[in-house]
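A.B. asks: First the structure, then my questions, so here it is.
The values are calculated or read from the model by the stated rules, or taken from the named source; none is laboratory data. The shown structure was predicted, so the numbers you read here are calculated from the model rather than taken from an experiment. All Cβ positions, even for glycine, are placed from backbone atoms using ideal geometry, and neighbour counts span all protein chains on display. The area values use the complete protein model at the heavy-atom level, side chains included, leaving out ligands, DNA and RNA. Shrake-Rupley method; radii C 1.70, N 1.55, O 1.52, S 1.80 Å.
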Amino acid sequence: MMHHFRSSALAFALCLAAVAPASAQVAPPAPAPTAPQGQTPPTAGGQSGELVVDVVGGISAPLGIAIPTMPAAAVTETAAGRTDELGRQLAQIVTTDLKNSGLFNPAGAGAMKNVEFAEVTAPVFDFWAGAHVSALVQGFVRGNNDGTLTVGCYLYDVFSRAELARQGFVVQPSDWRRAGHKCADMVYAKLTGEGPYFDSRMVYVSETGPKGKRIKRLAIMDQDGANHRFLTNGQSIVLTPRFAPNQQSIVYMSYLNERPAIYVYDIASGNQRLLVNNPSLTFAPRVSPDGRFVLFSMAVAGNTDLYRVPMSGGSPQRLTESPGIDTGGSYSPDGRRIVFESDRSGAQQIYTMNADGTNQQRISFGGGRYATPSWSPRGDLIAFTKIAGNFRIGIMSPSGSGEKLLTNDWQDEGPSWSPNGRVLSFYRQTQGGNGRADLWSVDLTGVNERKIPTPLDGSDPGWGPLRP
């Protein structure tokens, strides 16, 4: 029996039938602040570039790293909690982020020592060398008179006894977790040479209820599952949400007023507006990298093509005119090209074209069907769902060469890229009448696969850009 393909096939079926308050910003990295009276202020350390993590081989031999509790410059009460407790939690966030990347092996509690504030910039390297770690992350937390928090983050090479990097963050109490993600991003980027991705968010469809009558709500959360909140109440089904590049709004398809159509949700106000005022079925929206246009599919007189419309609304511009169904469009990071899926050849395959619809070319030629293409933010790869017996997440070059399948479960689909183009989120459906959907991630090696925590079932993840 054919599997139920929940996103792309649903869009095809529809076509055939028709034929939260914004959080405060993290301040730019600042030098570590002056220490409290009587304590040594942070000073600049040496530089070294010897310690490097192999982003491929490191999966089988992750780097040993220690992230002890970050001491408080002074133990004070803040709106986010006591500074000493925040230091413990921040170290745990950094630990979890780095461990989840698959490239780091954080030392356990038994290998740690209590770090005094004065040690933050003067590590006891002899101790850490004895703990058999190659890298060390130390930091501190301070409550400021204006209610903000300052978090310092330092990275050291244990064997060369050198400071590799440092950053400081001033955050509102509600944003304290972001300082931990920013610290982890600094460490990850410095040691791997890859771009950061931990300080980012996901939007997805939260699901509950029996399989034949699912309640689907729009939800948003940090990439690690924290700060979760629902954006819609579930009275109308929502599908395929994606962030706009400025992360102030989300585009998605909804069955609001019993008609499938594309809406724009404003995160700050909670208001939603109909994007295309047209009686035709519209679905699968994606925002252009410059935020000016929304790429989407529209079914008119039994034929489905790709269109684009200004983000503010207006008259849609048709980009494809082939018979059959063209959908699942995704922009290249420079906005000059589009990848999409089409059944014009008789089965779902992947095509590319210029952003104005010219130069349409098929790029997938392997066995089976291809769906839900997504262009990497680095521009070097296209992710997709491969349908050949089961549903798998795969990648290929923009020319169609170098196809590689990353997962091998019963039903994995809907890939969405991390901001640095190294990790893909997707959703996995289990078999059976009571099958559930969960969010997962996998990196480009195909080895580091993990489940992303959500309160309920989850599908259609959209990974947002790195937060400013």
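A.B. asks: Remind me, relative contact order of region 343-394 in percent, using alpha carbon pairs under 8 angstrom and six or more residues apart?
C.D. replies: 24
A.B. asks: Something else: For Phe293, what residues show an amide H to amide H distance below 5 Å, using hydrogens built from the backbone and excluding near sequence neighbours?
C.D. replies: Amide H neighbours of Phe293, under 5 Å, 5+ apart: Ser288, Met311.
A.B. asks: Just how far, in whole angstrom, is region 400-468 from region 330-373 if you go by their alpha carbon centroids?
C.D. replies: 21
A.B. asks: Have a look at Thr445, Val300, Thr358 and report the one farthest towards the positive end of the charge dipole of the chain, computed about the Cα centre with Cβ charges (Lys/Arg +1, Asp/Glu -1).
C.D. replies: Value computed over the given set: Val300.
A.B. asks: With only alpha-carbon atoms counted, please give the Rg and Dmax of region 89-208, in Å.
C.D. replies: Both quantities, over Cα of region 89-208: 15.3, 53 Å.
A.B. asks: On to the next question. Taking 0.36 nm per intervening residue step and subtracting the Cα-Cα distance, what contour gain separates Arg378 from Ile215 on full extension?
C.D. replies: Values: separation 163, 0.36 × 163 = 58.68 nm, distance 3.50 nm.
The span from Arg378 to Ile215 would gain 55.2 nm if fully extended.
A.B. asks: Express the accessible area of the chain per residue in Å², computed with a 1.4 Å probe while the remaining protein chains stay in the model.
C.D. replies: Computed with neighbouring chains in place, this is 40 Å² per residue.
A.B. asks: Now, a different point. Counting Lys and Arg as +1 and Asp and Glu as -1, each charge on the Cβ, what is the dipole of region 187-283 about the Cα centre in debye, to the nearest 20?
C.D. replies: On the way: 11 positive and 7 negative charges, 76 e Å.
So the magnitude is around 360 debye.
A.B. asks: Distance check, please: which entries in Lys211/Lys451; Lys99/Lys190; Lys99/Lys182; Lys182/Lys216 exceed 24 angstrom between their Cα atoms?
C.D. replies: With Cα atoms farther than 24 Å apart: Lys182/Lys216.
A.B. asks: Here is a further query. Can you tell me how region 245-295 classifies by the Cα gyration tensor, rounded, prolate or oblate, using a/c under 1.5 as the rounded cut?
C.D. replies: Because a/c hits 1.5 or more and a/b fails to exceed b/c, region 245-295 counts as oblate.
A.B. asks: Starting from the amide H of Ser332, placed 1.01 Å from N in the peptide plane, find each other amide H under 5 Å away whose residue is 5 or more places distant or on another chain.
C.D. replies: Arg337, Ile338, Val339
A.B. asks: Might you report the magnitude of the Cβ-based charge dipole of the chain about its Cα centre, with Lys and Arg at +1 and Asp and Glu at -1, to the nearest 20 debye?
C.D. replies: It works out to roughly 1020 debye.
A.B. asks: Continuing with the same structure: Quick one: pull the percentage of alpha-carbon pairs in region 186-256 with a separation above 19 Å.
C.D. replies: 45
A.B. asks: Shifting gears a bit: May I ask you to derive the relative contact order of region 314-374, considering only C-alpha pairs under 8 Å and at least 6 residues apart, and to give it as an integer percent?
C.D. replies: This gives 29 percent for region 314-374.
A.B. asks: Rounded to two decimals, what ratio of Rg to Rh does the chain give with C-alpha atoms and a Kirkwood Rh?
C.D. replies: 1.01
A.B. asks: Here is a further query. Using a 1.4 angstrom probe on heavy atoms only, work out the carbon and sulfur share of the accessible area of the chain in %.
C.D. replies: 51
A.B. asks: Related question: Quickly estimate the mean residue ellipticity at 222 nm for the chain, helices only: each DSSP H run with n ≥ 4 gives -39500 (n - 2.57), and the total goes over all residues, rounded to 500. Don't jump to the answer; show the numbers that get you there.
C.D. replies: Values: 4 runs with 52 residues, N = 468.
After summing the helix terms and dividing by residue count, I get -3500 deg cm²/dmol.
A.B. asks: If you don't mind, there's one more thing I want to ask. Tell me the label-point distance for the pair Arg436, Ser315, using the 7 Å Cα-to-Cβ offset, in nm and rounded to one decimal.
C.D. replies: 5.0
A.B. asks: So if I take the centroid of the Cα atoms in region 136-163 and the same for region 243-282, what is the distance between those two points in Å?
C.D. replies: Their Cα centres are 42 Å away from one another.
A.B. asks: Return the long-range amide H neighbours of Asn105 (sequence gap of 5 or more, or a different chain), with a cut-off of under 5 Å between placed amide H atoms.
C.D. replies: For Asn105, whose amide H was placed from the backbone, the distant partners under 5 Å are Leu63, Gly64, Ile65.
A.B. asks: While we're looking at this one, here's another question. Pop out the ³J(HN,Hα) list for region 385-394 in order, Karplus 6.51 cos²θ - 1.76 cosθ + 1.60 with θ = phi - 60°, rounded to Hz; leave Gly and Pro as x.
C.D. replies: The phi angles translate into 9, 9, 10, 8, x, 10, 10, 10, 8, x Hz.
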